[in-house]
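To start, the structure itself, in C-alpha coordinates.
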Amino acid sequence: MGTTDTARTTRRNAEAEAGGFADLVSSPFRIDRDRIAASPYFARLSGVTQVVSTGGSGLLHNRLTHSLKVAQVARAIAERLGADGEASAVVGKLGGCDPDVAEAAALGHDLGHPPFGHLGEQVLDRIARRRYGLSDGFEGNAQTFRIVTTTEVGGPTPEGLNLTTATRAALLKYPWLRLHRPEPHPATMDEPPRGAAEGEEPGTGSAKFSAYVTELDDVDQARAPFADLVAPWQQTVEASVMDLADDIAYAIHDLQDFHRIGVLQHASVATELGRWLAEPGAFAALSDETLREVHGRPGRSLEALRRRLHAKDTWIADDAVFAGAVARVQHQLVDGLLASPFDGSVEAEQAMATFSAGWTARLADGVIVTPSPTTRSGHVTLRQPQWHEVQVLKFVHRQFVLQRPDFALHQRGQAALLTSLVDALDSWLGDRDEADRLPRKLHDLVALAGKEYGRLVRESPELLVGATGERVAGADAVRGLARGRAVVDFVASLTDAQAATMLEAITGRGGQPWSDSFVL
(Lines give C-alpha, C1' and ligand atoms only; values in the text may rest on other atoms or scores of the structure.)
Protein backbone atom coordinates (compact mmCIF):
# COMPACT_ATOMS: atom_id res chain seq x y z
CA MET A 1 0.00 0.00 0.00
CA GLY A 2 1.41 3.40 -1.01
CA THR A 3 1.88 6.41 1.23
CA THR A 4 -1.21 8.14 -0.11
CA ASP A 5 -3.38 5.04 0.33
CA THR A 6 -2.14 4.64 3.90
CA ALA A 7 -2.98 8.26 4.66
CA ARG A 8 -6.48 7.90 3.26
CA THR A 9 -7.10 4.73 5.25
CA THR A 10 -5.82 6.31 8.46
CA ARG A 11 -7.83 9.48 8.04
CA ARG A 12 -10.98 7.43 7.60
CA ASN A 13 -10.42 5.41 10.76
CA ALA A 14 -13.72 5.29 12.58
CA GLU A 15 -13.01 7.78 15.27
CA ALA A 16 -16.51 8.78 14.20
CA GLU A 17 -17.63 5.46 15.67
CA ALA A 18 -21.17 4.68 16.76
CA GLY A 19 -23.06 7.56 18.24
CA GLY A 20 -25.34 10.34 17.09
CA PHE A 21 -25.73 10.13 13.33
CA ALA A 22 -23.68 6.97 12.79
CA ASP A 23 -26.77 4.88 12.09
CA LEU A 24 -28.05 7.31 9.45
CA VAL A 25 -25.11 7.56 7.08
CA SER A 26 -22.25 5.32 6.03
CA SER A 27 -19.45 7.86 5.60
CA PRO A 28 -17.56 8.91 8.73
CA PHE A 29 -17.02 12.29 7.07
CA ARG A 30 -20.77 12.78 6.73
CA ILE A 31 -21.03 11.94 10.41
CA ASP A 32 -18.44 14.66 11.10
CA ARG A 33 -20.46 17.17 9.14
CA ASP A 34 -23.69 16.23 10.88
CA ARG A 35 -22.18 16.33 14.35
CA ILE A 36 -20.87 19.84 13.74
CA ALA A 37 -24.24 20.99 12.35
CA ALA A 38 -26.05 19.48 15.36
CA SER A 39 -23.71 21.06 17.90
CA PRO A 40 -25.12 23.79 20.17
CA TYR A 41 -21.90 25.68 19.46
CA PHE A 42 -22.95 25.78 15.81
CA ALA A 43 -26.50 26.94 16.62
CA ARG A 44 -24.99 29.62 18.87
CA LEU A 45 -23.35 31.26 15.85
CA SER A 46 -26.72 32.75 14.87
CA GLY A 47 -26.22 35.13 17.79
CA VAL A 48 -22.56 35.98 17.18
CA THR A 49 -21.38 39.04 15.29
CA GLN A 50 -19.95 38.70 11.80
CA VAL A 51 -18.86 42.33 11.50
CA VAL A 52 -21.33 44.35 13.57
CA SER A 53 -24.04 43.11 15.91
CA THR A 54 -27.23 42.35 14.02
CA GLY A 55 -29.59 43.09 16.91
CA GLY A 56 -31.67 40.15 15.70
CA SER A 57 -31.97 41.63 12.22
CA GLY A 58 -32.13 39.27 9.28
CA LEU A 59 -30.52 41.89 7.07
CA LEU A 60 -26.93 41.22 8.12
CA HIS A 61 -24.91 38.04 8.10
CA ASN A 62 -24.08 36.50 11.43
CA ARG A 63 -21.48 33.80 12.00
CA LEU A 64 -24.02 31.07 11.28
CA THR A 65 -25.19 32.37 7.91
CA HIS A 66 -21.57 33.14 7.03
CA SER A 67 -20.55 29.56 7.89
CA LEU A 68 -23.36 28.12 5.77
CA LYS A 69 -22.21 30.13 2.76
CA VAL A 70 -18.59 29.15 3.30
CA ALA A 71 -19.70 25.51 3.42
CA GLN A 72 -21.53 25.89 0.09
CA VAL A 73 -18.48 27.38 -1.58
CA ALA A 74 -16.10 24.83 -0.02
CA ARG A 75 -18.15 21.88 -1.19
CA ALA A 76 -18.45 23.33 -4.69
CA ILE A 77 -14.68 23.82 -4.89
CA ALA A 78 -13.97 20.30 -3.60
CA GLU A 79 -16.39 18.74 -6.09
CA ARG A 80 -14.90 20.79 -8.91
CA LEU A 81 -11.39 19.61 -8.02
CA GLY A 82 -12.61 16.02 -8.01
CA ALA A 83 -14.13 16.40 -11.47
CA ASP A 84 -10.93 17.87 -12.94
CA GLY A 85 -8.64 14.99 -13.84
CA GLU A 86 -5.39 16.94 -13.65
CA ALA A 87 -6.28 18.69 -10.39
CA SER A 88 -7.58 15.46 -8.90
CA ALA A 89 -4.27 13.71 -9.62
CA VAL A 90 -2.32 16.42 -7.79
CA VAL A 91 -4.77 16.45 -4.89
CA GLY A 92 -4.59 12.67 -4.59
CA LYS A 93 -0.85 12.79 -4.01
CA LEU A 94 -1.40 15.32 -1.21
CA GLY A 95 -3.87 13.19 0.75
CA GLY A 96 -7.11 13.76 -1.14
CA CYS A 97 -9.98 16.22 -0.95
CA ASP A 98 -13.28 14.77 0.17
CA PRO A 99 -16.24 17.17 -0.31
CA ASP A 100 -17.74 16.09 3.02
CA VAL A 101 -14.52 16.92 4.85
CA ALA A 102 -14.23 20.31 3.17
CA GLU A 103 -17.87 21.06 3.98
CA ALA A 104 -17.54 19.87 7.58
CA ALA A 105 -14.46 22.05 8.13
CA ALA A 106 -16.24 25.04 6.59
CA LEU A 107 -19.29 24.55 8.82
CA GLY A 108 -17.06 24.33 11.89
CA HIS A 109 -14.39 26.90 11.09
CA ASP A 110 -15.98 29.68 13.20
CA LEU A 111 -17.21 27.65 16.18
CA GLY A 112 -14.63 29.33 18.40
CA HIS A 113 -15.49 32.93 17.59
CA PRO A 114 -16.47 34.76 20.79
CA PRO A 115 -19.16 37.40 21.25
CA PHE A 116 -18.67 40.44 18.99
CA GLY A 117 -16.48 38.63 16.47
CA HIS A 118 -12.91 39.76 15.89
CA LEU A 119 -13.23 42.55 18.45
CA GLY A 120 -14.11 39.97 21.11
CA GLU A 121 -11.17 37.86 19.97
CA GLN A 122 -8.74 40.73 20.55
CA VAL A 123 -10.18 41.59 23.97
CA LEU A 124 -10.09 38.00 25.24
CA ASP A 125 -6.56 37.53 23.92
CA ARG A 126 -5.27 40.54 25.87
CA ILE A 127 -7.05 39.40 29.02
CA ALA A 128 -5.82 35.81 28.70
CA ARG A 129 -2.20 36.86 28.29
CA ARG A 130 -1.93 39.89 30.54
CA ARG A 131 -4.21 38.99 33.40
CA TYR A 132 -3.97 35.21 33.54
CA GLY A 133 -0.48 34.60 32.14
CA LEU A 134 -1.70 32.22 29.45
CA SER A 135 1.19 32.34 27.00
CA ASP A 136 -0.98 31.31 24.06
CA GLY A 137 -3.76 33.73 24.97
CA PHE A 138 -6.93 33.42 22.92
CA GLU A 139 -7.43 32.90 19.19
CA GLY A 140 -10.69 32.06 17.43
CA ASN A 141 -9.22 29.26 15.29
CA ALA A 142 -7.52 27.68 18.29
CA GLN A 143 -10.76 27.95 20.24
CA THR A 144 -12.55 26.12 17.42
CA PHE A 145 -10.08 23.25 17.65
CA ARG A 146 -10.44 23.19 21.44
CA ILE A 147 -14.22 22.94 21.11
CA VAL A 148 -14.25 20.03 18.66
CA THR A 149 -11.56 18.09 20.55
CA THR A 150 -12.17 19.01 24.19
CA THR A 151 -15.03 21.17 25.44
CA GLU A 152 -17.91 19.92 23.26
CA VAL A 153 -19.66 16.78 24.47
CA GLY A 154 -21.76 15.90 21.42
CA GLY A 155 -19.76 12.87 20.33
CA PRO A 156 -19.82 9.32 21.72
CA THR A 157 -17.01 10.17 24.17
CA PRO A 158 -17.09 12.67 27.07
CA GLU A 159 -14.76 15.15 25.38
CA GLY A 160 -15.09 16.69 21.96
CA LEU A 161 -17.07 15.68 18.88
CA ASN A 162 -14.84 12.68 18.10
CA LEU A 163 -14.23 13.80 14.54
CA THR A 164 -12.05 11.91 12.06
CA THR A 165 -8.42 12.89 11.68
CA ALA A 166 -9.17 14.30 8.21
CA THR A 167 -11.77 16.77 9.48
CA ARG A 168 -9.70 17.78 12.49
CA ALA A 169 -6.72 18.39 10.21
CA ALA A 170 -8.94 20.40 7.85
CA LEU A 171 -9.89 22.69 10.73
CA LEU A 172 -6.22 23.57 11.27
CA LYS A 173 -6.15 26.67 9.10
CA TYR A 174 -2.87 27.73 10.74
CA PRO A 175 -1.31 24.35 11.68
CA TRP A 176 1.01 25.59 14.40
CA LEU A 177 0.89 26.78 18.01
CA ARG A 178 1.42 30.39 18.98
CA LEU A 179 4.90 29.97 20.44
CA HIS A 180 5.72 26.28 20.23
CA ARG A 181 5.60 23.59 17.57
CA PRO A 182 6.29 22.66 14.97
CA GLU A 183 10.02 23.13 15.37
CA PRO A 184 11.49 25.16 13.81
CA HIS A 185 8.47 27.39 14.22
CA PRO A 186 7.02 28.80 10.95
CA ALA A 187 7.48 32.33 12.31
CA THR A 188 11.26 31.88 11.94
CA MET A 189 11.07 31.19 8.20
CA ASP A 190 12.52 33.78 5.80
CA GLU A 191 9.04 34.21 4.36
CA PRO A 192 6.60 33.05 7.07
CA PRO A 193 3.26 31.53 6.07
CA ARG A 194 0.27 33.86 6.20
CA GLY A 195 -0.56 34.45 9.87
CA ALA A 196 2.63 32.92 11.26
CA ALA A 197 4.56 36.16 11.60
CA GLU A 198 4.63 37.88 14.97
CA GLY A 199 1.60 39.93 15.96
CA GLU A 200 1.51 43.59 16.90
CA GLU A 201 2.98 42.98 20.37
CA PRO A 202 6.63 41.82 20.17
CA GLY A 203 7.41 38.55 21.90
CA THR A 204 3.84 37.27 21.94
CA GLY A 205 4.24 34.77 19.11
CA SER A 206 2.33 34.27 15.87
CA ALA A 207 -0.57 36.55 15.07
CA LYS A 208 -2.69 33.58 14.03
CA PHE A 209 -2.56 29.93 15.10
CA SER A 210 -4.97 27.01 15.30
CA ALA A 211 -4.33 25.27 18.63
CA TYR A 212 -3.41 25.90 22.24
CA VAL A 213 -0.78 23.88 24.09
CA THR A 214 -3.60 21.98 25.81
CA GLU A 215 -4.56 20.46 22.44
CA LEU A 216 -1.06 19.69 21.16
CA ASP A 217 -1.59 15.92 21.25
CA ASP A 218 -4.75 16.31 19.18
CA VAL A 219 -2.84 18.38 16.61
CA ASP A 220 -0.11 15.74 16.34
CA GLN A 221 -2.68 12.98 15.92
CA ALA A 222 -4.67 14.86 13.28
CA ARG A 223 -1.58 15.78 11.28
CA ALA A 224 0.15 12.38 11.51
CA PRO A 225 -1.43 10.87 8.35
CA PHE A 226 -0.22 13.85 6.32
CA ALA A 227 3.33 13.97 7.69
CA ASP A 228 4.88 12.70 4.45
CA LEU A 229 2.48 14.58 2.19
CA VAL A 230 2.57 18.23 3.26
CA ALA A 231 5.14 20.28 5.17
CA PRO A 232 4.57 20.76 8.93
CA TRP A 233 3.50 24.38 8.36
CA GLN A 234 1.27 23.65 5.36
CA GLN A 235 -2.48 23.19 5.37
CA THR A 236 -3.97 19.93 4.17
CA VAL A 237 -5.78 20.30 0.86
CA GLU A 238 -9.17 20.29 2.59
CA ALA A 239 -8.00 22.99 5.02
CA SER A 240 -6.82 25.01 2.03
CA VAL A 241 -10.23 24.65 0.38
CA MET A 242 -11.96 25.79 3.57
CA ASP A 243 -9.62 28.78 3.90
CA LEU A 244 -10.15 29.87 0.29
CA ALA A 245 -13.93 29.44 0.56
CA ASP A 246 -13.90 31.63 3.67
CA ASP A 247 -12.03 34.36 1.79
CA ILE A 248 -14.44 34.21 -1.16
CA ALA A 249 -17.58 34.35 0.97
CA TYR A 250 -16.21 37.12 3.17
CA ALA A 251 -15.15 39.25 0.22
CA ILE A 252 -18.65 39.16 -1.28
CA HIS A 253 -21.34 39.05 1.37
CA ASP A 254 -19.97 41.65 3.77
CA LEU A 255 -20.13 44.21 0.97
CA GLN A 256 -23.73 43.19 0.31
CA ASP A 257 -24.62 43.60 3.97
CA PHE A 258 -23.40 47.15 4.25
CA HIS A 259 -24.89 48.20 0.94
CA ARG A 260 -28.20 46.80 2.16
CA ILE A 261 -28.21 48.95 5.31
CA GLY A 262 -26.83 52.06 3.59
CA VAL A 263 -23.37 52.09 5.20
CA LEU A 264 -21.36 51.43 2.04
CA GLN A 265 -21.74 54.66 0.08
CA HIS A 266 -21.34 54.96 -3.68
CA ALA A 267 -19.61 58.35 -3.69
CA SER A 268 -16.72 57.52 -1.35
CA VAL A 269 -15.91 54.17 -2.98
CA ALA A 270 -16.24 55.61 -6.48
CA THR A 271 -13.93 58.51 -5.66
CA GLU A 272 -11.23 56.26 -4.14
CA LEU A 273 -11.16 53.75 -6.98
CA GLY A 274 -11.76 56.25 -9.75
CA ARG A 275 -9.06 58.65 -8.63
CA TRP A 276 -6.45 55.88 -8.49
CA LEU A 277 -7.47 54.47 -11.87
CA ALA A 278 -7.24 57.93 -13.45
CA GLU A 279 -3.54 58.36 -12.63
CA PRO A 280 -1.90 55.24 -11.15
CA GLY A 281 1.52 56.44 -12.23
CA ALA A 282 1.21 59.62 -10.20
CA PHE A 283 0.34 57.67 -7.06
CA ALA A 284 3.18 55.23 -7.67
CA ALA A 285 5.61 58.18 -7.82
CA LEU A 286 4.70 59.32 -4.29
CA SER A 287 7.27 58.54 -1.62
CA ASP A 288 6.16 56.33 1.26
CA GLU A 289 6.46 59.32 3.59
CA THR A 290 4.27 61.50 1.38
CA LEU A 291 1.76 58.70 1.02
CA ARG A 292 1.44 58.44 4.80
CA GLU A 293 1.05 62.20 5.18
CA VAL A 294 -1.85 62.38 2.72
CA HIS A 295 -3.28 58.95 3.46
CA GLY A 296 -6.81 60.31 3.82
CA ARG A 297 -6.99 61.71 0.31
CA PRO A 298 -8.78 59.70 -2.41
CA GLY A 299 -6.62 57.11 -4.12
CA ARG A 300 -3.89 57.06 -1.45
CA SER A 301 -5.30 54.14 0.51
CA LEU A 302 -5.60 52.02 -2.62
CA GLU A 303 -2.01 52.85 -3.52
CA ALA A 304 -0.97 51.76 -0.02
CA LEU A 305 -2.71 48.44 -0.68
CA ARG A 306 -0.82 47.99 -3.94
CA ARG A 307 2.47 48.50 -2.13
CA ARG A 308 1.54 46.11 0.69
CA LEU A 309 0.78 43.38 -1.81
CA HIS A 310 4.19 43.84 -3.42
CA ALA A 311 5.89 43.77 -0.02
CA LYS A 312 4.11 40.66 1.30
CA ASP A 313 3.10 38.69 -1.77
CA THR A 314 5.80 39.11 -4.39
CA TRP A 315 4.96 35.62 -5.66
CA ILE A 316 1.74 36.90 -7.26
CA ALA A 317 1.49 40.71 -7.04
CA ASP A 318 1.45 42.43 -10.43
CA ASP A 319 0.67 46.08 -11.19
CA ALA A 320 -1.18 45.49 -14.45
CA VAL A 321 -3.31 42.73 -12.93
CA PHE A 322 -3.97 44.89 -9.88
CA ALA A 323 -5.21 47.73 -12.09
CA GLY A 324 -7.45 45.28 -13.93
CA ALA A 325 -8.89 44.10 -10.61
CA VAL A 326 -9.61 47.67 -9.51
CA ALA A 327 -11.34 48.34 -12.83
CA ARG A 328 -13.49 45.21 -12.54
CA VAL A 329 -14.52 46.05 -8.98
CA GLN A 330 -15.31 49.62 -10.02
CA HIS A 331 -17.46 48.38 -12.90
CA GLN A 332 -19.39 45.69 -11.04
CA LEU A 333 -19.53 47.16 -7.53
CA VAL A 334 -19.41 50.94 -7.95
CA ASP A 335 -21.11 51.34 -11.33
CA GLY A 336 -23.32 48.32 -10.72
CA LEU A 337 -24.49 47.41 -7.22
CA LEU A 338 -23.79 50.72 -5.45
CA ALA A 339 -25.12 52.93 -8.24
CA SER A 340 -28.64 52.70 -6.80
CA PRO A 341 -29.39 52.84 -3.05
CA PHE A 342 -30.89 49.65 -1.69
CA ASP A 343 -34.60 50.26 -1.16
CA GLY A 344 -35.90 46.76 -0.52
CA SER A 345 -37.58 46.52 -3.91
CA VAL A 346 -37.64 43.41 -6.06
CA GLU A 347 -35.27 45.14 -8.45
CA ALA A 348 -32.81 45.89 -5.62
CA GLU A 349 -32.95 42.32 -4.36
CA GLN A 350 -32.36 41.00 -7.87
CA ALA A 351 -29.35 43.28 -8.27
CA MET A 352 -27.97 41.94 -4.98
CA ALA A 353 -28.50 38.32 -6.05
CA THR A 354 -26.90 38.97 -9.45
CA PHE A 355 -23.87 40.59 -7.83
CA SER A 356 -23.41 37.69 -5.41
CA ALA A 357 -23.90 34.93 -7.98
CA GLY A 358 -21.67 36.61 -10.53
CA TRP A 359 -18.79 37.16 -8.17
CA THR A 360 -19.07 33.70 -6.61
CA ALA A 361 -18.92 32.08 -10.04
CA ARG A 362 -16.10 34.38 -11.12
CA LEU A 363 -13.94 33.55 -8.11
CA ALA A 364 -14.77 29.83 -8.08
CA ASP A 365 -13.73 29.64 -11.74
CA GLY A 366 -10.33 30.98 -10.70
CA VAL A 367 -9.54 28.12 -8.31
CA ILE A 368 -6.37 26.20 -9.15
CA VAL A 369 -4.22 23.53 -7.49
CA THR A 370 -0.46 23.79 -7.29
CA PRO A 371 1.78 20.95 -6.06
CA SER A 372 4.48 23.30 -4.72
CA PRO A 373 2.89 26.51 -3.44
CA THR A 374 4.68 29.48 -1.95
CA THR A 375 4.76 29.66 1.84
CA ARG A 376 2.16 32.45 1.57
CA SER A 377 -0.42 30.21 -0.09
CA GLY A 378 -2.08 26.85 0.28
CA HIS A 379 -2.12 24.13 -2.36
CA VAL A 380 -5.54 25.40 -3.46
CA THR A 381 -5.48 29.03 -4.46
CA LEU A 382 -6.75 31.50 -7.05
CA ARG A 383 -5.44 32.52 -10.43
CA GLN A 384 -3.69 35.88 -10.50
CA PRO A 385 -6.67 38.01 -11.65
CA GLN A 386 -9.12 36.58 -9.12
CA TRP A 387 -6.57 36.74 -6.32
CA HIS A 388 -6.15 40.47 -6.89
CA GLU A 389 -9.90 40.96 -7.11
CA VAL A 390 -10.40 39.40 -3.69
CA GLN A 391 -7.78 41.75 -2.25
CA VAL A 392 -9.56 44.79 -3.73
CA LEU A 393 -13.00 43.65 -2.55
CA LYS A 394 -11.66 43.11 0.97
CA PHE A 395 -9.97 46.51 0.81
CA VAL A 396 -13.31 48.22 0.09
CA HIS A 397 -14.87 46.52 3.10
CA ARG A 398 -11.97 47.37 5.40
CA GLN A 399 -11.58 50.95 4.22
CA PHE A 400 -15.22 52.02 4.03
CA VAL A 401 -16.79 49.93 6.79
CA LEU A 402 -14.31 48.76 9.42
CA GLN A 403 -12.45 52.09 9.65
CA ARG A 404 -15.54 54.24 10.14
CA PRO A 405 -15.38 56.27 13.40
CA ASP A 406 -18.95 55.30 14.38
CA PHE A 407 -17.99 51.63 14.05
CA ALA A 408 -14.97 52.22 16.33
CA LEU A 409 -17.25 53.84 18.91
CA HIS A 410 -19.57 50.84 18.80
CA GLN A 411 -16.63 48.45 19.28
CA ARG A 412 -15.23 50.33 22.28
CA GLY A 413 -18.50 49.75 24.08
CA GLN A 414 -18.40 46.04 23.26
CA ALA A 415 -14.80 45.76 24.48
CA ALA A 416 -15.76 47.40 27.79
CA LEU A 417 -18.68 45.00 28.16
CA LEU A 418 -16.51 41.89 27.70
CA THR A 419 -13.81 43.20 30.05
CA SER A 420 -16.39 43.95 32.73
CA LEU A 421 -17.93 40.49 32.34
CA VAL A 422 -14.55 38.81 32.81
CA ASP A 423 -13.95 40.98 35.90
CA ALA A 424 -17.28 39.95 37.38
CA LEU A 425 -16.82 36.24 36.70
CA ASP A 426 -13.27 36.30 38.04
CA SER A 427 -14.50 37.95 41.22
CA TRP A 428 -17.21 35.32 41.57
CA LEU A 429 -14.65 32.53 41.19
CA GLY A 430 -12.62 34.09 44.00
CA ASP A 431 -15.59 34.30 46.38
CA ARG A 432 -15.39 31.23 48.62
CA ASP A 433 -18.85 31.82 50.01
CA GLU A 434 -20.34 31.64 46.51
CA ALA A 435 -18.16 28.86 45.05
CA ASP A 436 -21.00 26.32 45.19
CA ARG A 437 -23.32 28.61 43.22
CA LEU A 438 -21.16 29.09 40.14
CA PRO A 439 -22.78 28.41 36.75
CA ARG A 440 -22.34 24.68 36.23
CA LYS A 441 -20.64 25.19 32.90
CA LEU A 442 -18.02 27.46 34.43
CA HIS A 443 -17.48 25.03 37.31
CA ASP A 444 -16.89 22.16 34.87
CA LEU A 445 -14.53 24.22 32.73
CA VAL A 446 -12.39 25.09 35.76
CA ALA A 447 -12.12 21.39 36.64
CA LEU A 448 -11.25 20.45 33.05
CA ALA A 449 -8.58 23.14 32.70
CA GLY A 450 -7.12 22.21 36.08
CA LYS A 451 -6.50 18.66 34.86
CA GLU A 452 -5.00 19.91 31.59
CA TYR A 453 -2.56 22.38 33.13
CA GLY A 454 -1.66 20.01 35.93
CA ARG A 455 -0.62 17.44 33.33
CA LEU A 456 1.35 19.99 31.32
CA VAL A 457 3.27 21.20 34.38
CA ARG A 458 4.24 17.60 35.13
CA GLU A 459 5.00 16.43 31.61
CA SER A 460 5.78 19.43 29.37
CA PRO A 461 6.41 22.56 31.47
CA GLU A 462 8.39 24.14 28.62
CA LEU A 463 5.12 24.58 26.70
CA LEU A 464 3.83 26.97 29.36
CA VAL A 465 6.78 29.34 29.07
CA GLY A 466 5.82 32.64 27.49
CA ALA A 467 7.76 35.70 26.42
CA THR A 468 9.11 36.31 29.94
CA GLY A 469 10.82 32.92 30.06
CA GLU A 470 9.45 32.20 33.53
CA ARG A 471 8.62 28.59 34.33
CA VAL A 472 5.19 27.70 35.68
CA ALA A 473 5.34 25.63 38.86
CA GLY A 474 3.27 24.98 41.94
CA ALA A 475 -0.38 24.37 42.65
CA ASP A 476 -1.24 28.08 42.82
CA ALA A 477 0.19 28.68 39.36
CA VAL A 478 -1.77 25.77 37.92
CA ARG A 479 -4.97 27.04 39.54
CA GLY A 480 -4.34 30.49 38.09
CA LEU A 481 -3.89 29.18 34.55
CA ALA A 482 -6.92 26.91 34.88
CA ARG A 483 -9.05 29.74 36.21
CA GLY A 484 -8.04 31.99 33.32
CA ARG A 485 -8.63 29.40 30.61
CA ALA A 486 -12.00 28.46 32.13
CA VAL A 487 -13.23 32.06 32.29
CA VAL A 488 -12.12 32.69 28.71
CA ASP A 489 -13.72 29.43 27.52
CA PHE A 490 -16.95 30.36 29.29
CA VAL A 491 -17.19 33.91 27.94
CA ALA A 492 -16.22 32.74 24.43
CA SER A 493 -19.15 30.29 24.46
CA LEU A 494 -21.75 33.06 24.82
CA THR A 495 -23.68 34.88 22.13
CA ASP A 496 -23.57 38.67 21.90
CA ALA A 497 -26.92 38.95 23.68
CA GLN A 498 -26.01 36.40 26.36
CA ALA A 499 -22.84 38.30 27.22
CA ALA A 500 -24.77 41.56 27.61
CA THR A 501 -27.61 39.94 29.59
CA MET A 502 -25.25 38.08 31.90
CA LEU A 503 -23.30 41.23 32.70
CA GLU A 504 -26.54 43.01 33.58
CA ALA A 505 -27.60 40.12 35.81
CA ILE A 506 -24.26 39.67 37.57
CA THR A 507 -23.95 43.41 38.29
CA GLY A 508 -27.54 43.73 39.48
CA ARG A 509 -28.67 45.93 36.59
CA GLY A 510 -30.83 43.34 34.86
CA GLY A 511 -34.52 42.99 35.36
CA GLN A 512 -34.52 39.21 34.82
CA PRO A 513 -32.52 36.53 36.66
CA TRP A 514 -29.79 34.82 34.70
CA SER A 515 -30.46 31.18 33.88
CA ASP A 516 -27.61 28.68 33.77
CA SER A 517 -29.59 26.87 31.08
CA PHE A 518 -28.81 29.76 28.72
CA VAL A 519 -25.18 28.63 28.55
CA LEU A 520 -23.96 25.87 26.23
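Any idea which of Q386, L163, V401 is furthest toward the positive side of the dipole for the chain, if Lys and Arg beta-carbons carry +1 and Asp and Glu beta-carbons -1?
The listed residue farthest towards the positive side: V401.
Cα-based Rg of segment 204-293 per 2.2 N^0.38 Å, rounded to two decimals?
1.75
Any chance you could get the radius of gyration and Dmax over the Cα atoms of segment 299-391, in Å?
In Å, with Rg to one decimal and Dmax whole: 15.6, 48.
How do the peptides 67-80, 224-237 rank, highest first, by the average count of neighbouring beta carbon atoms within 10 Å per residue? Kindly include the intermediate steps, with their values, before the conclusion.
Values: 67-80: 22.1, 224-237: 20.2.
Going by the mean number of other Cβ atoms within 10 Å, highest first, we get 67-80, 224-237.
Where nothing but the Cβ of Lys and Arg (+1) and of Asp and Glu (-1) is charged, how large is the charge dipole of segment 299-425 around its Cα centre, in debye to the nearest 20?
Magnitude of the dipole: close to 540 debye.
So what is the relative contact order for segment 275-372, in percent, with contacts set as C-alpha pairs under 8 Å and at least six apart?
After rounding, I find 20 percent.
Rule-of-thumb check for segment 120-222: C-alpha Rg over 2.2 N^0.38 Å?
1.07
Can you tell me which of 95-107, 193-205 comes out highest on packing, and rank the rest after it, using the mean Cβ neighbours within 10 Å?
95-107, 193-205
Using just the C-alpha positions of segment 365-452 as equal point scatterers, what log10 of I(q)/I(0) does the Debye formula give at each q in 0.19, 0.20, 0.25 1/Å?
Here the Debye-derived log intensity ratios amount to -0.88, -0.93, -1.22.
Report, ordered by chain and residue number, the lysines lying within cross-link reach of K441, taken as a straight Cα distance under 17 Å and ignoring same-chain residues fewer than 8 apart.
Qualifying lysines at Cα under 17 Å: K451.
Go ahead and estimate [θ] at 222 nm for the chain from helices alone: -39,500 (n - 2.57) per DSSP H run with n ≥ 4, summed, over the residue count, rounded to 500.
-16500 deg cm²/dmol
Which entries in K208/K394; K69/K173; K69/K394; K69/K93 show an alpha-carbon gap greater than 24 Å?
On the way: K208/K394 18 Å; K69/K173 18 Å; K69/K394 17 Å; K69/K93 28 Å.
Exceeds cut-off: K69/K93.
How large is the charge dipole for the chain, taken about the Cα centre, if only the Cβ atoms of Lys, Arg (+1) and Asp, Glu (-1) carry charge, to the nearest 20 debye?
380 debye
Please report the orientation-averaged projected area of the chain, defined via the convex hull of its C-alpha atoms, in nm².
On the way: hull surface 103.0 nm².
Projected over every direction and averaged, the Cα hull of the chain covers 25.7 nm².
For N62, list long-range residues whose amide hydrogen, built 1.01 Å from N in the peptide plane, is under 5 Å from its own amide hydrogen.
Here nothing satisfies the definition.
Would you please put 372-384, 429-441 in order of how densely packed they are, using the mean number of other Cβ atoms within 10 angstrom per residue and starting with the highest?
Per-residue mean Cβ counts within 10 Å order the peptides as 372-384, 429-441.
For L309, tell me the accessible area in Å² from a 1.4 Å probe, rounded to the nearest 10.
Probe radius 1.4 Å; accessible area of L309 about 10 Å².
If you roll a 1.4 angstrom probe over the protein chains with everything in place, what fraction of the accessible area of the chain belongs to carbon and sulfur, to the nearest %?
The nonpolar share, carbon plus sulfur, comes to 51 percent.
In Å and whole numbers, how far do the C-alpha atoms of segment 262-305 stretch along each principal axis, longest first?
35, 19, 14
Taking square-rooted eigenvalues a ≥ b ≥ c of the alpha carbon gyration tensor, is segment 390-495 rounded, prolate or oblate, where a/c under 1.5 means rounded and, failing that, a/b exceeding b/c means prolate? If you can, show how the numbers build up before the last one.
Numbers: a/c = 2.83, a/b = 1.62, b/c = 1.75.
It comes out oblate by the Cα gyration axes.
How many angstrom separate the Cα center of segment 187-229 from the Cα center of segment 338-395?
Each part reduced to its Cα centre gives a spacing of 28 Å.
The values are calculated or read from the model by the stated rules, or taken from the named source; none is laboratory data. Note that the structure is predicted; figures quoted are calculated from it, not measured. Using ideal geometry, Cβ is built from the backbone for each residue, glycine included, and neighbour counts are taken over all protein chains shown. Note: accessible area is taken over every heavy atom of the protein model, side chains too, but ligands, DNA and RNA are not part of it. Shrake-Rupley method; radii C 1.70, N 1.55, O 1.52, S 1.80 Å.
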